[in-house]
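The values are calculated or read from the model by the stated rules, or taken from the named source; none is laboratory data. Just so it is clear, the structure is predicted and the values come from calculations on it, not from any experiment. Virtual Cβ from ideal backbone geometry, glycine too; neighbours counted across all protein chains shown.
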Amino acid sequence: MSHPPAYNNRAYIWPVLLAIVIFVISSSQQLATPDFGFQFAEDKIAHFLIFGLVATSIFRTPKFKDLSLRSLLIAALITSAYGAFDEFSQSLTPGRSVEFADWLADTSGAFVAVTVYAKWHWYRDLLEWHWPIKRRGAPEDRFDDLRK
């Protein structure tokens with residue numbers, strides 16, 4: 001089913017919105033994160049999952065939706081580059097530090113996420129599922145059922 005251009009352009013909102021949220025959070029001096037007793041693993045898992053989400057949202061845009069290896073690599077590499085930028089921007093924030101392991105978690109999360117999206121049909125179908133919305137007709141057609 002082909003969607004109108006406005007619908008397709010909405011797909012670009014998510015990667016941009018995620019990048020902005022990551023930038024704002026990364027620019028803060030103190031992050032409010034829960035402590036489960038294994039901080040290193042929590043941090044890397046968070047990087048893996050969040051940047052996997054970014055890569056998937058890029059991969060789902062109309063530009064890359066063909067699921068080709070080239071599109072997969074480009075989406076993951078864009079995300080990896082953004083992860084490197086994020087680490088660099090943290091170096092300019094007082095109280096924050098750069099960690100190569102964070103960038104590795106960002107990059108590996110991106111590659112794993114787009115690979116899973118491309119190869120596991122059930123996962124892709126889950127992400128692409130939409131609520132069935134009944135389209136309304138013209139205003140004069142709305143009450144046809146009541147007139148009968």
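Mind listing whichever residues of the stretch 59-87 are part of a helix (DSSP H, G or I) and charged (D, E, K, R)?
Selection gives ARG70, ASP86, GLU87.
Looking at the structure I just gave you, is VAL114 of a type in the set (Val, Ile, Thr) and modelled with pLDDT under 95?
In short, no.
Counting just the residues of the stretch 88-136 that are hydroxyl-bearing (Ser, Thr, Tyr) and in a helix (DSSP H, G or I), which one comes out surrounded by the fewest Cβ atoms within 10 Å (Cβ to Cβ)?
Taking the candidates together, the pick is SER91.
If I go through the stretch 50-76 residue by residue, how many of them are surrounded by 16 or more Cβ atoms within 10 Å (Cβ to Cβ) and either free of Cβ contacts under 8 Å to residues at least 24 places away in the same chain or among the acidic types (Asp, Glu) (or both)?
Counting residues in the stretch 50-76 that are surrounded by 16 or more Cβ atoms within 10 Å (Cβ to Cβ) and either free of Cβ contacts under 8 Å to residues at least 24 places away in the same chain or among the acidic types (Asp, Glu) (or both) gives 3.
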